[in-house]
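**Q** Questions regarding the structure given below will be posed in turn.
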Amino acid sequence: MNPKDAPNGSEIPVEIDFSSGTRGKFFQQNAVLNLPVDLDTKTQDSRRSTAKEKGVEVSAPTNGRLK
C-alpha cells in the first residue's frame, strides 16, 4: 500500500470508512468460543477413546477439560 493512500500513516486505506460502525456490537462478556480444531485421524481416534473411557464429550480431551 502506498503510504499516501492511508490517513495519518495508518494501514487502513482512505476508502475504508468505519465512522458509522458500532463499537462492541457483537461483544458478549464472559463468552466461551468453541473454535474448530482440525485433528488428524490418529489423534481423533485417541481423543474419542479417551473421552469414552472418561465418560465425557469428545471435545473435553482436546480442550484440556479432563479431570
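**Q** Of all residues in the range 27-54, count the ones that are part of a loop (DSSP other than H, G, I, E, B) and modelled with pLDDT under 90.
**A** Total meeting the criteria: 9.
**Q** Just to verify a result, which residue in the range 19-42, among those that are under 25 Å from Glu57 (Cα atoms) and of a type in the set (D, E, K, R), is nearest to the chain's Cα centre (by Cα)?
**A** It comes out as Asp38.
The values are calculated or read from the model by the stated rules, or taken from the named source; none is laboratory data. Predicted model only: the values in this text are computed from it and were never measured.
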